[in-house]
1. With a 1.4 Å probe and all protein chains in place, put S204, S24 in order of accessible area, largest first.
2. For Cα pairs less than 8 Å apart in space and 6+ apart in sequence, what is the mean separation divided by the residue count of region 112-206, i.e. the relative contact order in percent?
3. How big is D, in µm² s⁻¹, for region 107-206 by Stokes-Einstein at 10 °C and 1.306 mPa s if Rh is the Kirkwood radius over C-alpha pairs?
4. Net charge within 13 Å of N186 by Cβ-Cβ distance, Lys/Arg positive one each and Asp/Glu negative one each, not counting N186 itself?
5. Students often get this wrong, so check it: of K33/K122; K28/K200; K110/K176, which have C-alpha atoms separated by over 27 Å?
Amino acid sequence: IKEDNSIATASDLLYNKVSSKTKSIENKELMIKSFPLVYRTLQDLRFDISYYIEGNIKTSETYTTPIHVICPNTEEIIGREISVKVIDVNSFFFLDMQLQEETIRQFGEKFFFNGVEISVIKNSLFHFDIDSDSELPRTIVKFYDLRYLTQVYQRNIVITQKDRESTVINISILSKDQQKGSVFLNKLIENYINNEVEEKNIASIN
């Protein structure tokens, strides 16, 4: 956290308006965990669409999956779940978990789910061999309310200061998937820095 090196005026000293280092860091911590910043980060990363891999024993949340769901607006399908099982390089089984209705769809095909247009594409970063004997895992996709999700992430962000005299803080998060947590923190700090730059630019213009 960069310290404010501005020179205090006589009135600031008289009325004790000079911010201490500790108070400055506390303010930064509140800004980092603020609702607007966390919400914007989740929105940028499209965490309203979450992916889970179905295993033999349990279903685990993951950031890297064989497929991605493309949906511009999930407001109308919050709380709904779908299942995607890859058949081959062109098609997959699509299951509405609530209605238990299964259909065969094509990758890249646009179709309606509960009145909302969505499509499913293959993840180019996910390396798999359709022709191999190992079967691809089924992917469960859940749609979340970003407002609710923001409150969950706010509670799970942990900010600590190792040394009281230092201006360095440690930021971590409790996450079910390590990669997803890492991606979130990197984007959160990127947005925080961008906000700082925007505020300085506005102040400069004014």
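1. Solvent-accessible surface, decreasing: S204, S24.
2. 12 percent.
3. After rounding, the answer is 86 µm²/s.
4. Once positives and negatives cancel, what remains is 0.
5. In this structure, K33/K122; K110/K176 exceed 27 Å between Cα atoms.
The values are calculated or read from the model by the stated rules, or taken from the named source; none is laboratory data. The model shown is predicted, which means the values in this text are computed figures rather than measured ones. As a convention, Cβ positions derive from the backbone with ideal geometry for all residues, glycine included, and neighbour counts pool all protein chains shown. With ligands, DNA and RNA removed, areas are computed over all heavy atoms of the protein, side chains included. Shrake-Rupley method; radii C 1.70, N 1.55, O 1.52, S 1.80 Å.
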